[in-house]
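One structure below.
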Amino acid sequence: MLHIYCPHCAEYREEDEFHCAGQAHIARPLDPEACSDQEWGEYLFFRKNPRGLHHELWVHAAGCRKFFNMTRDTQSYEIKEVYKIGEQPSVVAE
Amino acid sequence: MSDLNNMTAAESAATKAAVMNQVPGPEIEGQSPLHHADLASLAKQGPKTGGIHLREQKLLGHLTLRCNAENAEQLAAVERVLGVALPLQPLTSTENGNYSIRWMSPDEWLILVPGLETFDIETKFRDEMPGHYSLVNSSGGSTVLELSGENVVDLLKKATPVDLHSKSFPVGKVVSTLFAKSTATIRRTGEQRFELVIRRSFSDYLWLWLQDASLEFGLVVEA
Ligand SMILES: [Zn+2]
């Protein structure tokens, strides 16, 4: 069970209250009409699956219902940091 | 188009949403989501002593306010309407007599008021609030249970993963969390007194669950 710090509620809560919403920092193409099928397909369907540091989007579903970002080690499950939407991670893979 | 966040009171009044009174007047008997449980009779006939006391605060006005916590004009308007400031610190609440405000998220608050005052307060908000905001009457969607008694913390521990120790859950704190596989917004109103805002559709389930969970302590229903 992960013990997760919600940056909006400013306290730790049980993992049960949260949902992971997949990879973070996926930018929607500014001009979708101009995308090739491959570019659009990669934006919609292709996600990273790293062994190690991963930036994820989480939502405090049973609490404040706000989204935030989390940097997590997929191997050890260690949470390196949480940060709000619009912010950049300070812990990044080399 | 004018900037929604920088409208004067007159400009925002011109864009006013249609407001209608969704709560029937005193001439029509209101029925809470726990009407069928007939808590009034249970209060008369049931046990008078026990570790858990339960009371439904039924038919209150529930208003969900969403606005900008950094907009001083909006904060002042709320204070003019309710006579108390919005709680800006996460997980806190404020109250003024029968009006109480719960922090729900950085831009959302739940305001509880006496049921028959709901429409007046909504109308005042429409007159006073400047800029871009939302006020929704969600009275029909939830009800409020008040739990108290010497075993109240023991009971809540069975239902929710939050830390209920008074060091981390002092009087006045509000958390929205899981409660017995459903969800609830829990506010501590006294050392051994809590207020639960629960969903209408889960109210019967939670009523059954609370009866079961409080068997070992003894449940006293209060009217
Ligand atoms: Zn939260």
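The values are calculated or read from the model by the stated rules, or taken from the named source; none is laboratory data. None of the values given here were measured: they were computed from a predicted structure. Note: ideal-geometry Cβ built from the backbone for every residue, glycine included; neighbour counts use all protein chains shown.
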Exercise. Of the residues that make up region B:117-124, is at least one within 30 Å of B:Phe217 (Cα to Cα) and hydrophobic (A, V, I, L, M, F, W, C)?
Worked result: no
Problem set entry | Qualifying positions in region A:1-43 - more than 16 Å from the ligand (Cβ to nearest atom) and touching a residue at least 40 places away in the same chain (Cβ under 8 Å) | A:Ala24, A:His25
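Would you mind stating whether B:Leu91 is more than 19 Å from B:Ala17 (Cβ to Cβ), within 16 Å of the ligand (Cβ to nearest atom) and among the hydrophobic types (A, V, I, L, M, F, W, C)?
Yes.
Which residue out of B:Leu112, B:Leu135, B:Leu116 is more than 14 Å from the chain's Cα centre (by Cα), more than 16 Å from the ligand (Cβ to nearest atom) and assigned to a strand (DSSP E or B)?
B:Leu135
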Exercise. All but one of (1) surrounded by fewer than 17 Cβ atoms within 10 Å (Cβ to Cβ); (2) within 11 Å of another protein chain (Cβ to nearest Cβ); (3) not β-branched (Val, Ile, Thr) hold for A:Phe18; which doesn't?
Worked result: (1)
Exercise. Would you say A:Gln88 is surrounded by 14 or more Cβ atoms within 10 Å (Cβ to Cβ), more than 14 Å from the ligand (Cβ to nearest atom) and closer than 30 Å to B:Trp109 by Cα?
Worked result: no
Exercise. Can you pull out the residues in region A:38-65 that are at negative phi and within 14 Å of chain B (Cβ to nearest Cβ)?
Worked result: A:Val59, A:His60, A:Ala61, A:Ala62, A:Gly63, A:Cys64
For this session: Specify the residue that is surrounded by the most Cβ atoms within 10 Å (Cβ to Cβ); the eligible residues are those in region B:156-174 that are part of a loop (DSSP other than H, G, I, E, B) and among the hydrophobic types (A, V, I, L, M, F, W, C).
Result: B:Val162
Problem set entry | B:Thr177 within 14 Å of B:Leu91 (Cα to Cα), without any contact (Cβ under 8 Å) to a residue 60 or more places away in the chain, within 14 Å of another protein chain (Cβ to nearest Cβ) and surrounded by fewer than 22 Cβ atoms within 10 Å (Cβ to Cβ) | yes
Exercise. Quick one: what pairs do we get from region B:86-110, first residue within 18 Å of A:Phe67 (Cα to Cα) and within 9 Å of chain A (Cβ to nearest Cβ), second among the aromatic types (Phe, Trp, Tyr) and buried (at least 16 other Cβ atoms within 10 Å of the Cβ), C-beta under 9 Å, 6+ apart or different chains?
Worked result: B:Pro90/B:Trp103; B:Leu91/B:Trp103; B:Trp103/B:Trp109
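Among the residues of region B:26-51, write down those that are over 30 Å from B:Phe119 (Cβ atoms) and of a type in the set (Val, Ile, Thr).
B:Thr49
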Seminar exercise, completed: Contact list, first residue from region B:120-141 and over 19 Å from B:Gly83 (Cα atoms), second anywhere and among the small types (Gly, Ala, Ser) and crowded, with 19+ Cβ neighbours inside 10 Å, beta-carbon distance below 6 Å, six or more apart or interchain, is B:Ser139/B:Gly61
For this session: For region B:136-155, name all the residues that are buried (at least 20 other Cβ atoms within 10 Å of the Cβ) and touching a helix residue (DSSP H, G or I) at 6+ places or on another chain (Cβ under 9 Å).
Result: B:Ser139, B:Ser142, B:Thr143, B:Leu145, B:Leu147, B:Gly149, B:Leu155
Problem set entry | Close pairs (7 angstrom Cβ cut-off, 6 or more residues apart or separate chains): under 19 Å from B:Val136 (Cβ atoms) in region B:18-32, hydroxyl-bearing (Ser, Thr, Tyr) and at pLDDT 75 or above anywhere | B:Val19/B:Thr123; B:Gln22/B:Ser139; B:Val23/B:Thr118; B:Val23/B:Ser139
Exercise. Are any of the residues in region A:72-85 without any contact (Cβ under 8 Å) to a residue 24 or more places away in the chain, within 14 Å of chain B (Cβ to nearest Cβ) and either touching a Gly at 6+ places or on another chain (Cβ under 9 Å) or under 22 Å from B:Ser182 (Cβ atoms) (or both)?
Worked result: no
For this session: Would you check which residues across region A:53-75 are of a type outside the set (Val, Ile, Thr), more than 12 Å from the ligand (Cβ to nearest atom) and crowded, with 17+ Cβ neighbours inside 10 Å and list them?
Result: A:Leu53, A:His54, A:His55, A:Glu56, A:Leu57, A:Asn69, A:Met70, A:Arg72
For this session: Being in contact with a strand residue (DSSP E or B) (Cβ under 7 Å, 6 or more places away or on another chain) and more than 13 Å from every other protein chain (Cβ to nearest Cβ) is the filter; apply it to region B:153-173 and report the residue that is farthest from B:Gly50 (Cα to Cα).
Result: B:Gly172
Exercise. Given the structure, is B:His53 touching a helix residue (DSSP H, G or I) at 6+ places or on another chain (Cβ under 9 Å), assigned to a helix (DSSP H, G or I) and under 30 Å from B:Leu215 (Cβ atoms)?
Worked result: no
